[in-house]
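The values are calculated or read from the model by the stated rules, or taken from the named source; none is laboratory data. Because the structure is predicted, anything quoted here is derived from the model rather than measured. Positions of Cβ are backbone-derived with ideal geometry, glycine not excepted, and every protein chain shown enters the neighbour counts. These area figures cover heavy atoms from the full protein model, side chains too; ligands, DNA and RNA do not enter into them. Shrake-Rupley method; radii C 1.70, N 1.55, O 1.52, S 1.80 Å.
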Amino acid sequence: MANANWHNGRAKSRSQAKAWLRHNDKERRADPQIRHANREIDKSRTHRNFEVGPTKHLTLAQKNDRFDARLDKFGYPIDADLGTKKSNTPTCMQGIILNAPDELNNVEALDDGRLKKWADAAAEVVCDLFGEDNVIAMYVDVDEQHLYTDAKTGEKRLSRFHIHAFVVPVCEVKQVEKQFVYLRPDGSETLEESEAERVYITVNNSETDDETKAARNDDGTPKMGPKHARLKNGRRKVKKQKRSEATKTKLKLSGSEFALSENKDKLNRAIHERTKRDFGFGWNTHEP
């Protein structure tokens, strides 16, 4: 059995993401004139690959349009504006591999439709957790079976039928609030503006003790405000709310937030429980 594989699944540009979609497109994949970098593809089996999820009937061009529209909505830059890709370049598409359970990793399950039923169920889970609008494609590959060495046991094993799920990493991100730190007349710090020492405010919104440099209110009186505590570099000091205490959230395209362990665990647990409920056997390598 298996857990979801998120490794090496972060596309850092639109062109990279579209190359992954193109690689998995069934018609291109089966084309004898196209040579793929992955030499393990058995083109005689590619015709048996299939798609699941909300985009299964879309063409490659339509998937690309759906992808671009989703990125545009959240302000992801076009490739020309990205510059050189670096480790901190934001992720625009997350690829997740969902390996078939042992019981369905065989031609019999492919022939009688059980593999497709499981893949359909997995697609529903992905859409429920990550949002249908964010799912760009879900390809089920049965043409990449090859021998590999199990890292734990050292034994030779046959690779599995699997789903490539491609998702735009939009998620609810906790909004960590910040509070200014002020100084009381005795020099101690406070978060309450009403307790802060009052100082004059200049036209550039800086603080001063010189009344003659103060900006003026409409009635001609000098403008005043609370005195801020400051860091060594002169910037205003703020206190950040603990992430665990944050209650406000914002829908945001964030690859790092999307790939947090809690999201991976949710996906593993949900597919495991759905597989047990609908098929009578588990999916994870262990009970979550």
Phe281 fails exactly one of (1) more than 28 Å from His7 (Cα to Cα); (2) in a loop (DSSP other than H, G, I, E, B); (3) in contact (Cβ under 8 Å) with a residue 24 or more places away in the chain, namely (1)
Inside the stretch 225-235, the number of residues satisfying the requirement of being surrounded by 13 or more Cβ atoms within 10 Å (Cβ to Cβ) and closer than 11 Å to Val181 by Cα is 5
Search the stretch 6-23 for residues that are closer than 12 Å to Leu60 by Cα and pair each with any residue that is in a helix (DSSP H, G or I) and open to solvent by 60 Å² or more (accessible area, probe 1.4 Å) when their beta-carbon atoms are under 7 Å apart and the residues are at least 6 apart or on different chains.
-> Arg22/Arg28
Among Ser194, Ser261, Ser254, Ser244, the single one that is under 30 Å from Asn134 (Cα atoms) and touching a Pro at 6+ places or on another chain (Cβ under 9 Å) is Ser254
Considering every residue within the stretch 228-239, establish whether at least one is more than 26 Å from Ala4 (Cα to Cα), within 33 Å of the chain's Cα centre (by Cα), of a type outside the set (D, E, K, R) and part of a strand (DSSP E or B).
-> yes
Taking the stretch 53-93 only, how many residues are open to solvent by 40 Å² or more (accessible area, probe 1.4 Å), part of a helix (DSSP H, G or I) and over 23 Å from Leu129 (Cβ atoms)?
-> 7
Residue check, Leu251 among the hydrophobic types (A, V, I, L, M, F, W, C), part of a strand (DSSP E or B) and touching a residue at least 60 places away in the same chain (Cβ under 8 Å) = yes
Determine whether the stretch 5-13 contains at least one residue that is closer than 23 Å to Leu267 by Cβ, modelled with pLDDT of 95 or more, open to solvent by 80 Å² or more (accessible area, probe 1.4 Å) and not small (Gly, Ala, Ser).
-> yes
Could you please let me know if Val176 is at pLDDT 90 or above and either assigned to a loop (DSSP other than H, G, I, E, B) or in contact with a strand residue (DSSP E or B) (Cβ under 9 Å, 6 or more places away or on another chain) (or both)?
-> no
List, please: which pairs have Cβ atoms under 8 Å, are six or more places apart or on different chains, and start with a residue in the stretch 41-56 that is β-branched (Val, Ile, Thr) and end with one that is modelled with pLDDT of 95 or more and open to solvent by 70 Å² or more (accessible area, probe 1.4 Å)?
-> Val52/Lys116; Thr55/Gln62
Return the residue satisfying two criteria in turn: it lies in the stretch 174-202 and is within 43 Å of the chain's Cα centre (by Cα) and among the aliphatic types (A, V, I, L, M), and of such residues it is surrounded by the most Cβ atoms within 10 Å (Cβ to Cβ).
-> Ala196
Among the residues of the stretch 238-273, count how many are surrounded by 15 or more Cβ atoms within 10 Å (Cβ to Cβ), touching an Asp or Glu at 6+ places or on another chain (Cβ under 9 Å) and either farther than 30 Å from Arg184 by Cα or modelled with pLDDT of 90 or more (or both).
-> 5
Counted residues in the stretch 94-108 being in a helix (DSSP H, G or I) and open to solvent by 10 Å² or more (accessible area, probe 1.4 Å) come to 4
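Residue-by-condition table, conditions (1) at pLDDT below 90; (2) charged (D, E, K, R); (3) assigned to a loop (DSSP other than H, G, I, E, B); (4) in contact with a Lys or Arg (Cβ under 9 Å, 6 or more places away or on another chain):
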residue: Ala119; (1), (2), (3), (4): no, no, no, no
residue: Met138; (1), (2), (3), (4): no, no, no, yes
residue: Glu144; (1), (2), (3), (4): yes, yes, yes, yes
residue: Tyr148; (1), (2), (3), (4): yes, no, no, yes
residue: Ala151; (1), (2), (3), (4): yes, no, yes, no
residue: Arg160; (1), (2), (3), (4): yes, yes, yes, no
residue: Phe166; (1), (2), (3), (4): no, no, no, yes
residue: Glu172; (1), (2), (3), (4): yes, yes, no, yes
residue: Asp186; (1), (2), (3), (4): no, yes, yes, no
